[in-house]
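Asks: Got a structure for you, questions after.
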């Protein structure tokens, strides 16, 4: 008898739980997307290896874009966390897996040869598909300018992807990322070539841009890595991590445009 009563009580409880009704007729104004940034990567592998790594290991991304053909694969729903950036920081926010969408592009990255480092170019079809995808993501999540960033931006001490051949200027021309006004850059560069700012100035300006960078005024390896990350994005013709007039000019103009 006691067993029957217990079973009946559990059945009634399950029935109550199963009949839960949620009223969705009221919608709060105070809300926005959990997504704050989109982080771009390359896979350092071919398509089959990339799919294996991103679906059968602890590493993942929301999207993968193949090279030939340039197929867009959705691997993780945007409402769920993908494991694509690891230890990371941007604009003071850390461990960015929870607040980012990760996009991987199939690309071998680089390898070193006796003649120097070779970087694999991205296919035009890949970039075309990426731009369409980014515009859709930016629209749906209402992301502000500057929300599309590189893996090397958020982890400059560990990562260099998507590398110096990634066409950031093409994304800028599509209205997806900010780009410094070239006339203003030329004017500032003439001044900085005559008198280069201090290392501390570079560190402060890079921090204003969003990078995690030391603020001790010394040109150490960590600072050079951050300068190189900025150069790969905005001055890819030379990304040696050394402070120079053009890097200073592009950095200052970008920060002025952002503030204005």
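Taken together, the values in this text are just the output of simple stated rules run on the coordinates, not laboratory data. Not measured: the values here are computed from a predicted model. No Cβ is skipped: glycine too gets one built from the backbone with ideal geometry, and neighbour counts run over all protein chains shown.
Asks: Nearest-5 percent of antiparallel DSSP beta bridges in the chain?
Replies: Counting DSSP beta bridges with both partners in the chain, the antiparallel share is about 45 percent.
Asks: Using only the Cα atoms, work out Rg/Rh for the chain, with Rh taken as the Kirkwood radius, to two decimals.
Replies: 1.13
Asks: Any chance you could run the full-extension gain for residue 191 through residue 33? It's 0.36 nm times the residue separation minus the Cα-Cα distance, nm to one decimal.
Replies: Values: separation 158, 0.36 × 158 = 56.88 nm, distance 4.19 nm.
Here the answer is 52.7 nm.
Asks: Would you work out the relative contact order for segment 31-120, in percent, from Cα pairs under 8 angstrom that are 6 or more residues apart? Please list the in-between numbers first.
Replies: On the way: 159 pairs, mean separation 33.1, N = 90.
So the answer I get is 37 percent.
Asks: Mind grabbing the base-10 log of I(q)/I(0) for segment 70-113 at q = 0.18 Å⁻¹? Debye formula, identical points on the C-alpha positions, no solvent, two decimal places.
Replies: -0.68
Asks: Per DSSP H run of at least 4 residues, take -39500 (n - 2.57); add these up for the chain, divide by its residues and hand me the 222 nm value, nearest 500 deg cm²/dmol.
Replies: Here the helix-only value at 222 nm equals -13000 deg cm²/dmol.
Asks: Determine the relative contact order of the chain: mean sequence separation of Cα pairs under 8 Å and six or more apart, normalised by residue count, in whole percent.
Replies: This gives 17 percent for the chain.
Asks: Additional query: With an 8 Å Cα cut-off and a minimum separation of 6 or more residues, compute the relative contact order for segment 182-255 in percent.
Replies: Contact order relative to length: 41 percent.
Asks: Which value does Rg/Rh take for segment 34-125 over its C-alpha atoms, Rh per Kirkwood?
Replies: 1.01
Asks: Comparing 76, 177, 132, which has the greatest mean-square fluctuation in the GNM of the chain with Cα pairs linked when under 10 Å apart?
Replies: 132
Asks: Which residues in segment 237-254 place their backbone N less than 18 Å from a point set 7 Å from the Cα of residue 183 along the Cα-to-Cβ direction?
Replies: 250, 253-254
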